[in-house]
There are 2 protein chains.
Amino acid sequence: MAVTIKDVAKAANVSPSTVSRVISDSRHISDKTKKKVRKVMEELGYHINLNARGLVRQSTKTIGIVLKYSENEAWNWINPFVSEVIQGISAHCHEHGYSIMITTGRTEKEIYSDVVKMVQGKQVDGMIVLYARKEDRVVPFLLEAAIPFVVIGKPVDRIHEVMYVDNDNVQAAKDATAFLLNQYHRKIGFIGDNPSFQVIQDRLEGYYKALELEGISKNPAYVKFVQNPEDEEKILDKFLKLEHPPTALVISSPLQGVGVLKRILNHGLHVPEDISVVVFNKTLITEVSIPKLTAIDTQTYQLGYEASKGVIELIHYPDTFKRSVIISARIEPKESHRSLQEN
Amino acid sequence: MAVTIKDVAKAANVSPSTVSRVISDSRHISDKTKKKVRKVMEELGYHINLNARGLVRQSTKTIGIVLKYSENEAWNWINPFVSEVIQGISAHCHEHGYSIMITTGRTEKEIYSDVVKMVQGKQVDGMIVLYARKEDRVVPFLLEAAIPFVVIGKPVDRIHEVMYVDNDNVQAAKDATAFLLNQYHRKIGFIGDNPSFQVIQDRLEGYYKALELEGISKNPAYVKFVQNPEDEEKILDKFLKLEHPPTALVISSPLQGVGVLKRILNHGLHVPEDISVVVFNKTLITEVSIPKLTAIDTQTYQLGYEASKGVIELIHYPDTFKRSVIISARIEPKESHRSLQEN
DNA sequence: CTCATTAACGCAAACGTTTGCATCAACTTT
DNA sequence: AAAGTTGATGCAAACGTTTGCGTTAATGAG
């Protein structure tokens, strides 16, 4: 088949071990020999077999990515969040010569076995988990397998045992709400998706905290969760039928953001004239939206980049302290908000 | 380290070869032995080492994906096209037990060496190339290496030697243009991105063809290429300053579509009242845009799915006829166009 | 009862690297 | 000049599978 290290060795009149050492640029080999061997490698068109190397080195210089599993299949990849995170991971991995392998499973069970295959099959040196979910089997498995990994998002359960990178969602939501308060909004609504995610709980908490600081009491009528896109309509209806409809909204996803935007228009109202909107996650969507959405930049790319830094560090120094990285989020004022007071 | 086939063999009182055959469920092994061995595997927590298997089988059941390279880094992953294609690939790969590995390179050179590494390093059994570009080194390399691969898009050069899956971009653009012509538009503009991509050339050709059928001659003033987002402004300016500005536009990417949408609004004009817009690639973006963009559904997911079908077929039957698959594209009328004639 | 057939399994050689240890020549040192 | 040191390379055993071929015992045919 292909030309192997032995072929090169034979042609260069050296031993296979010498060739191997030339490949890894060992300092035990004389420059003359290196030159000679390299020339032969060139001539023969040699390329290393990474399977063989992986076998003996017990390392493949590959990291696996566990893609987010979502009931709503379409939202997986389409969700720009995933893309951007992977961008970040990819960038850092490349800098360190690591390859990337991704899960292909669609259901929770499939994904789990993908992970097992990657890890036990020794296909990867480390893993990055793109979500944090209650009662998930992946994280416990990875802990058990004692393979380096980091999760993006805040793992609910064994938080002190795993390294994770996340935003401070409480703080971010607090900031977002405070931003609106500073613009003299007093009636602020909150829209989140599935409240079973920790993210949503945290953001809700931050939202409440900011209100509290201003002495505004919790108003359940201002807080809604949309489980599927159709809910948006109902929710907006309810909001607008209130005696005092909210003048501003904090929304936990860009997709919902544009959805709400559209419903608002349908009601003959305008953003930001009639109602201000701040959404979580600055993404392509918030940029191409008209008006551009004032969004919380959670620095998704950076999230991925740091996660990658984490695993690779863990791979090289397994005893690294499992520090957790908080990526700061900051609000990026665009066009979907306005101050209630014309200064 | 981990428990190997030999450990299992020892514990089960059989030879390693027997264990191996149990794993592959060989019919040369008695059911009794299989049961026994499987039980031991279970007890010992055995899992196969895919590196070792890859080494001897000369196959890893992994396919590599060459991500599109773009000068404008941000457009890579963010571009929903890529995400959807990968979704399709991923789905089919999973059905056949194949894993996925993606390139991490940012520049053309980096990507090329990623590919070489994957292929020569025997990390993958086949490849899918997510773009077709003139004077690209990847496709020639893959041909040379004689590894199964399929490109998504129409390879310009050695078209009869490679298997590809693509839309009929000429036809699609022709349809799109005809669609507008049917709505009594006569002054139709075309906006594409990098004209070095075959896609753009094809779409341009289809655009011209449709016009020709109506006896409308080519007008270079109506055809523009935007290389970076800032160009959109200039282009629109030029269009609008024409004596007869276009009443409709065919745009080759959803991202550009929303960009142009915004610029049009900036000029105090409205879509579709003042100008109709049809964009290529129905994606999340075109759906969340306001108004929803009338788009050509190129069935991106299907593109990926078929590509995957292609490689895996080539892997199993190397002598498969290198058929090329054309995924039909059809226009999905939404809200960004109108007829010039009030019926 | 002998011989050919088959079913079930073991042997051992690959697959292409890496790496600890041994070797050996050429230099230093004393 | 002998002993020790250093530098450059080779030997051979791993790494964990797969698989062609050989062996054995049981079965069937004649």
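Any read-out appearing in this document is the output of simple, stated calculations on the displayed coordinates, not a laboratory observation. Worth saying up front: this structure is predicted, and the values here are computed from it rather than measured. Glycine also receives a Cβ, built like all others from the backbone with ideal geometry; neighbour counts cover every protein chain displayed.
Pop out the ³J(HN,Hα) list for the stretch A:136-146 in order, Karplus 6.51 cos²θ - 1.76 cosθ + 1.60 with θ = phi - 60°, rounded to Hz; leave Gly and Pro as x.
Per residue, the Karplus-derived 3J(HN,Hα) values read 9, 8, 5, 4, x, 4, 5, 4, 4, 6, 6 Hz.
What ranking do A:I331, B:I296 get, fewest neighbouring Cβ atoms within 10 angstrom at the top?
Ordered by Cβ neighbours within 10 Å, fewest first: A:I331, B:I296.
Taking N as the number of residues in the stretch B:1-137, what is its Cα Rg relative to 2.2 N^0.38 Å?
Dividing the Cα radius of gyration by 2.2 N^0.38 Å gives 1.42.
Which three lengths, in whole Å and largest first, does the protein assembly as shown cover when its Cα atoms are put on their principal axes?
So the extents along the principal axes, rounded to whole Å, are 80, 69, 56.
Which of the GluC sites (Glu not before Pro) across the stretch B:16-113 are loop residues per DSSP, with 14 or fewer other Cβ within 10 Å?
B:E71, B:E73
Under 15 Å between alpha carbons, and skipping anything fewer than 8 positions from B:K154 in its own chain: which aspartates and glutamates qualify?
B:E135, B:D136, B:D166, B:D168, B:D202, B:E205, B:E306
How about B:K35: which lysines have a C-alpha closer than 25 Å to its C-alpha, ignoring those fewer than 8 places off in the same chain?
Within the straight-line limit of under 25 Å, B:K35 reaches these lysines: A:K109, A:K117, B:K6, B:K10.
Report the Rg/Rh value for chain B, based on alpha-carbon coordinates and the Kirkwood definition of Rh.
Rg divided by Rh gives 1.13.
Starting from the Cα of A:K234, draw a straight line to each of the lysines and keep only those under 18 Å, dropping any in the same chain fewer than 8 residues away.
Leaving aside lysines fewer than 8 places away in the same chain, those within reach of A:K234 are A:K224, A:K262.
Using just the helices of chain A, give the 222 nm mean residue ellipticity in deg cm²/dmol: DSSP H runs with n ≥ 4 each add -39,500 (n - 2.57), and the total is spread over all residues, rounded to 500.
So the helix-based figure for chain A works out to -14000 deg cm²/dmol.
Antiparallel as a % of all DSSP beta bridges within the stretch B:111-224, to the nearest 5?
Among the beta bridges of the stretch B:111-224, antiparallel pairing accounts for roughly 10 percent.
On average over all directions, what projected area in square nanometres does the stretch B:116-205 have, based on the convex hull of its Cα atoms?
6.5 nm²
Normalised by the residues of chain A, what does the relative contact order come to in percent, with Cα pairs under 8 Å and at least six apart?
With pairs under 8 Å counted, the relative contact order is 17 percent.
Run through the DSSP bridge list for chain A and note the antiparallel percent, rounded to the nearest 5.
About 10 percent, rounded to the nearest 5.
Averaging over all projection directions, find the projected area of the Cα convex hull of the stretch A:5-48 and quote it in nm² with one decimal place.
The number I arrive at for the stretch A:5-48 is 2.5 nm².
Could you work out the local net charge near B:I327, counting Lys and Arg as +1, Asp and Glu as -1, over the other residues with Cβ closer than 11 Å to its Cβ?
Every neighbour counted, the sum reads -3.
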